[in-house]
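Worksheet: the structure to be examined is printed underneath.
The values are calculated or read from the model by the stated rules, or taken from the named source; none is laboratory data. The shown structure was predicted, so the numbers you read here are calculated from the model rather than taken from an experiment. Neighbour counts run over all protein chains shown; Cβ positions are idealised from the backbone, glycine included.
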Amino acid sequence: MASLAIFTILAMGSLGAVLALQQSVKVAREKIELTSLVAAELEIVRNLPYIQVGTVNGNPTGSLPDLTNFKTIVIESRSYKVYYEVTYFDDPADGTALLSTDPAPADYKQVKMFIQKADGSSPTTILTNVSPKGLEGVQNAGALSLKVMNAQGQPVSGASIHISNTALSPNIVLDRISDASGDWIEVGLPPSANGYHITVTKTGYSSDQTYPISAQNPNPVKPDATVLVGQVTQVSFAIDLLSNLTIKTLNQKCQNVNGVGVNVSGSKLIGTNPNVLKFNQNFSSTSGLITLSNIEWDTYTPALLAAQDLMVYGTSPIQQIDVLPGTSQVFTLIVGAGTTNSILVIVKDAATGAALEGAQVHLQKGGSQPQDFYAITGGSVWSQNDWTGGAGQADYTSTDKYFTDDGQVDINSVPTGLRLKKVTGQYVASGTLESSTFDTGTDATNFTTITWLPNSQSTGTSLKFQLASNNDNSTWNYVGPDGTASTYYTVSGSNVSSAHDNNQYIRYKAYLSTTDDKNTPVLTGLNLNYVAGCFSPGQSMFSSLTSGNNYDLDVSLSGYQTYTLDGMTIGGNQILQVELSR
């Protein structure tokens, strides 16, 4: 048994050695076959006339097979695929075409031969150069000098460059790679007017290309390239990392709005007269979202599609979004019920273009039915400057009515305002008025400031306020600036207590008093500033307006010059951009 085991071990070792020897012989034989094949094929290349050293669909053109026209060679039942890639080579020793220092840049041809086994393994590559006899030069030909850059103008290496010309016979189909400087020079090209279509791509990057002249794009910004005899045509391409953009469609309460039709257009043009946008597509929101994946850097503008009972109440950021390379960004589109006439006022810094928050926007309508509209950029204002409609209105719908008073106030004296009642020629000592309920539209509300006019009163008189807020529109507890019932707002422009934040409904209560029966406090207007729902930087919306040309607008902000626009016409839904200067 021991002898049998020893014999088996020795036999297995011998068998392994035999198999290894056979494999070594096989590899050596394939190397010999490959060497012989390479030598034979290169000999064919060297014996070709210089004019024929090229590929069937390449540049230079010639009789050698390319990837799409490969030839198959079988040696001892083993199959090999053989194809070539031929390019002109510009030797820098005598100048370069890129710097226009070499008038004849086709110094010689560089031949790259690929031999691939039938098993699909990576091909073996052999490189050789073929020089012309006598002086250099390519007759009746020109060159393309191509540069690939990113958004900052820096070179992009390793970009795939596809050059094709189907107007020539045979067709030219070339695939090249940009070098470390983002350049590629293709010399020896046959002349052709707007015949060379060029596309530049790279994995993870946007693409750029030339465009054919067509009925849809009669004046391309970057037309298919023209090559002229003896000249170098230069074309630049810009590609950079792809980005993502998410557009949220929300209502003023920051709730998702589904099925909103939105057109998204970029600013880049591929044609002029008429303008042809590179990106211009329509979308519909799902779960309040529109997702644009793998888009290129650009300035994108979303706009509502027509035939929707909606209008834009604000955006974040303002109107447009600059999508940078390699980023994921979000744009919020705040929509609401459409009205016949409205104006969205956008206030910016004239020098920087940045949105300005806290600007006071006053829209005043003249004519037979004058009205005043107040707003604050990034927020809103509830204003009341007329109480002549009287008491009995629970919810604020008519701008001249209120909820109740104690019978000790006067609402009808001229000029219009709120005063103490006068009895037998003397003012009563005190009186109160409680406003109607104002609905901000959402419990996501922050109340900011309370202001009133006039902001000072006669000696011996007093005007003060308290506020009450809730989310049930029924529980009214009036408190002052410290959030308790023992304090009052006594200075116009005071900050509103945070106790009212995150409440949807609010009322004010005015307290009038005097120690001099010959004088009364006077209230001519009250403004309550608030930010409700979704934030829209630097923007104020005025909706449900009446059409006409008798609107005056003024915009003011501390540290800036006041902007005025008189006799403005409002008709339809408009957007006005106001730039304030310091």
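Considering only residues of region 342-376 that are in contact with a Lys or Arg (Cβ under 8 Å, 6 or more places away or on another chain) and surrounded by 18 or more Cβ atoms within 10 Å (Cβ to Cβ), which is modelled with the highest pLDDT? So, considering only residues that are in contact with a Lys or Arg (Cβ under 8 Å, 6 or more places away or on another chain) and surrounded by 18 or more Cβ atoms within 10 Å (Cβ to Cβ), the one modelled with the highest pLDDT is LEU356.
Check whether at least one residue in region 76-90 is over 55 Å from the mean Cα position of the chain (by Cα), at positive phi and at pLDDT below 75, and report yes or no. Give the derivation first.
Residues of region 76-90 that are over 55 Å from the mean Cα position of the chain (by Cα), as a first pass: 76-78.
This time we only want the ones that are at positive phi, so: 76-77.
Okay, now just the ones that are also at pLDDT below 75, so 76-77.
Looking through region 76-90, at least one residue is over 55 Å from the mean Cα position of the chain (by Cα), at positive phi and at pLDDT below 75.
If you go through region 506-549 and keep only what is at pLDDT 95 or above and in contact with an Asp or Glu (Cβ under 9 Å, 6 or more places away or on another chain), you end up with ILE506, ARG507, TYR508, LYS509, ALA510, THR520. For region 457-514, give me the residue count where each residue is touching a residue at least 60 places away in the same chain (Cβ under 8 Å), outside any strand (DSSP E or B) and closer than 17 Å to THR432 by Cα. Total meeting the criteria: 1.
Would you confirm, using the coordinates I've provided, whether GLY314 is on the phi > 0 side of the Ramachandran plot and buried (at least 20 other Cβ atoms within 10 Å of the Cβ)?
Working: on the phi > 0 side of the Ramachandran plot: yes; buried (at least 20 other Cβ atoms within 10 Å of the Cβ): yes.
For GLY314, the condition - on the phi > 0 side of the Ramachandran plot and buried (at least 20 other Cβ atoms within 10 Å of the Cβ) - is met.
Return yes when THR448 is within 30 Å of CYS254 (Cα to Cα), in contact (Cβ under 8 Å) with a residue 12 or more places away in the chain and either assigned by TED's automatic domain parsing to the domain that holds LEU512 or touching a Cys at 6+ places or on another chain (Cβ under 6 Å) (or both) and no when it is not.
yes
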